[in-house]
Amino acid sequence: MPCGIIASVSTTQNSALFRKLPSIDEVLRQPEVQSLADREGHPAVAESVRAVLTRLRQEITADRMNDESLGLALSGLSAAIERELRDSLSYSLRPLINATGVILHTNLGRAPLAAAALEHIQQTALAYSNLEFDLATGQRGKRDVHVDSLFQKLFQENVGTGASPFPAERSSGISTIVVNNNAAAVLLALNSLAEGGEVIVSRGELVEIGGSFRIPDVMSKSNAILREIGTTNRTRIADYEGAISDRTRLLLRVHRSNFEISGFTEQATLEELVALARRRNVPLMEDLGSGALFDLRSVGVQGEPGVLDSLHAGVDLVTYSGDKLLGGPQAGLITGRADLVARMRSNSLFRALRVDKLTYAALEATLLAYVKHDHNAVPVLRMMRLSKEEIARRAEALVAQAKSEPAKSAKLQMELCDGESVIGGGAAPSAVLPTQLIALSHVELTADELCTRLRAADPPVIARVEEGRVLLDLRTVFPEQDVALATAISSL
């Protein structure tokens, strides 16, 4: 049959199907739909009716409908409208199971909060609070005092010798302020200390991290002038010293975050930079990005600098994130010389970048766990401390549970294998933690198809694919999620 005749027949059939579709008003007059509108409101139900009918028209246009399938769809129209309404009124932001083994997964919200943080948020959010009110004097207070005192305890305790990490002639104590993320912290620091002047940075540290956050761009927005020195792979202390002039306002060291340079390389040490900064009376700032307050060497991660390491070395200011290695809420933290921090606090930009009571509540609870040395209360730290043996025991139990229904698991292969977890979030890019993985493969489904089905589970399961297999790492799965994960696997 000629193509034109086929197209004509198809168009005629589609026209007949289109005529069988009810109008929106007709559907809204149906008793089941009217009852739904009484409960949920007419506008929301009308929008759901419109969406369902639009999908049916699209199916007809694509020649995926005939009389029988359309009749079936129309017989279940009220149920489809109710499903559409439920989906449209449900939250878009949903909890899920992170089975990737990436502890600080930026796309999955980075650090999960401690239970105490959620409790403190609820306590302070459901009522009024003393966010900016001094209970002792009855006068207006400052919101950052709620966490600055905890930072003081942590740093005073860990600085150790009782001596200030800063030279005596410039020592005014250590202070910390909070803004909404680390990019904001860098922006505020540069604008407060170097507006109109030069900031010296090694070319090997002009990094870009996720979301197109580039150091040169942030510096431009701060109205500071970038002074590049050295080369991509080699920058010596002499390069810094030779670039210092009467226009220099700041020496900046940037942690390379999510990449490494190896081979024929050279980088000025932190000790050399501190000595130069003191000798030339120029503040030294370090952007650590992740910024751990926890000794990562205790979990086998080497070479990742911490906030305390920088303060011990004599860095004047350190900027870092709250929702990465700290394990708290999204925030940008600036810790360092109190006189420099005071200049940032008085900058009008600080108000534009400040955080709300919920962030302070979560951060305060997280820091209190550090002060109490209750590191396992912080999920990120607890995950890093899990041993391969602990993970293997859970993985064995989970596989056994998933295999308990042989009829369902006949086409699904499950096996345990050695693997590695990573920190993620731009922290310790080369560091790995040994783990035990659950590897899934299916007789009829590809690895990508398996991942799609896992994402459709309730709650969704996010996994990773390597060498044609789906890999699940329980390091980043909360123990209370094991049953839901086993159910999702069984459903495959």
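Quick notes on this one:
- Ser192, sole failed condition from (1) at pLDDT below 95; (2) more than 24 Å from the chain's Cα centre (by Cα): (1)
- Matching helices (runs of 4 or more DSSP H) fully within region 322-410 where at least 2 residues are under 25 Å from Leu296 (Cβ atoms): 357-371, 379-385, 388-402
- Selection status of Thr61, assigned by TED's automatic domain parsing to the domain that holds Phe18, hydroxyl-bearing (Ser, Thr, Tyr) and out of contact with any Gly (no Cβ under 8 Å at 6 or more places or on another chain): yes
- In region 337-356, the qualifying residues are those that are charged (D, E, K, R) and without any contact (Cβ under 8 Å) to a residue 12 or more places away in the chain, and the one that is surrounded by the fewest Cβ atoms within 10 Å (Cβ to Cβ) is Arg351.
- Ala428 being modelled with pLDDT of 95 or more, within 30 Å of Asp148 (Cβ to Cβ), of a type in the set (Gly, Ala, Ser) and within 21 Å of the chain's Cα centre (by Cα): no
- Looking at Leu131, Leu135, just one residue is surrounded by 13 or more Cβ atoms within 10 Å (Cβ to Cβ) and either at pLDDT 90 or above or part of a helix (DSSP H, G or I) (or both), and that residue is Leu131.
- Set side by side, the residues Leu17, Leu85, Leu56 differ, and just one is at pLDDT below 90 and assigned to a helix (DSSP H, G or I), which is Leu17.
The values are calculated or read from the model by the stated rules, or taken from the named source; none is laboratory data. Keep in mind it's a predicted model, so treat the numbers as computed, not measured. Every residue, glycine as well, gets a Cβ built from its backbone with ideal geometry; the counts of neighbours run over all protein chains shown.
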